[in-house]
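What follows is a single structure, written as structure tokens, with notes after it.
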Amino acid sequence: MQTPREQTILTLGLNPRLAHQALFAHRHPQVTPEFHYEIMDLWHSANPRVLVKAFRGAAKSTIAEEAIVIQACLRKFKNGIILGETYERAVERLRAIKHEFETNQLIEELFGNLVGGTWSEGKIILANGVIIQAFGRGQSLRGSKHLDWRPDRAFGDDIENEESVATPEAIAKCMQWLMSVVIPALDPSARVRINGTPLHPNAVIEQLARDQDWITRTYPIEHFSGVSAEPVATWPDRFDLAWIEAKRASYARLG
């Protein structure tokens with residue numbers, strides 16, 4: 001017979017949306033919008049390649065951090081890597097993940113103390129054996145293999161910036177790194193998740209979005225529902241239409 005703790009873990013494992021809400025209530029001060037649930041579903045799906053294009057402030061990185069923590073607790077992957085536009089940005093994501101393992105009491109009650117012996121700036125090994133590492137754009141992934149495990153989970157978090165989309169050559173360099181360095185370093189069954197905000201019509205995430213191998217979802221800050229000619233705020237509790245219009249007017253005034 002299962003213990004209450006085992007039943008809770010099983011329930012959370014079968015319902016990722018509930019896991020996000022239950023384990024990270026302190027990170028959800030506003031009402032969770034529907035598109036967040038859609039991103040959660042994509043993160044925990046069996047799809048090998050997922051791309052999320054969303055406006056800045058959409059909390060796509062927050063959802064990704066939570067998903068990585070949940071999947072690491074459940075040992076859904078063995079070796080996860082975080083890719084950022086710089087190594088420092090990737091470390092920021094890893095730092096937020098480390099913080100949850102260090103301070104989240106509910107996680108500790110359910111899964112025990114997962115803080116492991118290796119707990120450095122860019123690499124952690126949890127007490128359950130799962131490893132998570134941080135890398136910056138353009139960085140070699142030599143050394144990303146752990147024991148016999150190639151990375152079987154990869155998260156690219158806004159790997160592009162204004163500099164990397166400034167010229168066709170810069171865009172090609174970023175794409176070459178992703179396809180010639182990152183992807184070949186992964187386990188053949190690895191699941192890849194990339195978040196980004198479009199910065200150029202031919203940016204890497206725009207090219208990936210046009211590729212049939214990638215499941216892509218796009219979330220602008222406002223959209224049209226099809227029922228009305230009026231726009232609808234994608235996250236009304238944080239960015240309502242009045243805020244969006246004020247921001248648009250400010251940008252227009254500044255040229």
### Message
Looking only at the range 168-207, filter to residues that are hydrophobic (A, V, I, L, M, F, W, C) and outside any helix (DSSP H, G or I); which one of those is most open to solvent (accessible area, probe 1.4 Å)?
### Response
L199
### Query
List the pairs whose first member sits in the range 166-189 and is under 15 Å from G136 (Cα atoms) and touching a residue at least 12 places away in the same chain (Cβ under 8 Å), whose second member is small (G, A, S) and assigned to a helix (DSSP H, G or I), and whose Cβ atoms are under 9 Å apart, counting only residues at least 6 apart or on separate chains?
K173/S164; C174/S164
### Query
For the range 208-255, which residues satisfy the criterion of being among the hydroxyl-bearing types (S, T, Y), exposed (fewer than 15 other Cβ atoms within 10 Å of the Cβ) and in contact with a strand residue (DSSP E or B) (Cβ under 8 Å, 6 or more places away or on another chain)?
T218, S225
### Summary
Expected output for the range 3-18 (first residue in contact (Cβ under 8 Å) with a residue 12 or more places away in the chain, partner open to solvent by less than 80 Å² (accessible area, probe 1.4 Å) and among the acidic types (D, E), Cβ below 9 Å, 6+ apart or cross-chain) is P16/D41; R17/D41
#### Entry: Pair list, Cβ < 7 Å and 6+ apart or interchain, from the range 222-238 residues that are under 17 Å from A54 (Cβ atoms) and without any contact (Cβ under 8 Å) to a residue 24 or more places away in the chain to residues that are assigned to a loop (DSSP other than H, G, I, E, B) and not hydroxyl-bearing (S, T, Y)
A233/F239; A233/D240
### Message
Of the conditions (1) open to solvent by 50 Å² or more (accessible area, probe 1.4 Å); (2) assigned to a helix (DSSP H, G or I), Q30 satisfies every one except a single condition; which number is it?
### Response
(2)
### Summary
Per the filter on the range 105-115, residues in a helix (DSSP H, G or I) and under 15 Å from Q71 (Cβ atoms) are I107, L110, F111
### Query
What residue, among those in the range 33-65 that are within 23 Å of N104 (Cβ to Cβ) and among the aromatic types (F, W, Y), is most open to solvent (accessible area, probe 1.4 Å)?
Y37
### Task
Mind listing whichever residues of the range 33-91 are charged (D, E, K, R) and assigned to a strand (DSSP E or B)?
R49, K53
### Query
Looking at this structure, is E102 outside any loop (DSSP other than H, G, I, E, B) and surrounded by fewer than 13 Cβ atoms within 10 Å (Cβ to Cβ)?
no
### Task
Would you please name the residue that is nearest to the chain's Cα centre (by Cα), looking only at residues in the range 99-144 that are among the aromatic types (F, W, Y) and more than 30 Å from E163 (Cα to Cα)?
F101
### Message
So A134 ticks every box in (1) surrounded by fewer than 20 Cβ atoms within 10 Å (Cβ to Cβ); (2) not in a helix (DSSP H, G or I) but one. Which box is left unticked?
### Response
(1)
### Query
Right, G116: on the phi > 0 side of the Ramachandran plot, open to solvent by 10 Å² or more (accessible area, probe 1.4 Å) and not charged (D, E, K, R) or not?
no
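The values are calculated or read from the model by the stated rules, or taken from the named source; none is laboratory data. As the structure is a computational prediction, the values presented were derived from the model and not from experiment. Note that each Cβ is placed from the backbone with ideal geometry, even for glycine, and that neighbours are counted across all protein chains shown. The accessibility values were calculated without ligands, DNA or RNA, using every heavy atom of the protein model including side chains. Shrake-Rupley method; radii C 1.70, N 1.55, O 1.52, S 1.80 Å.
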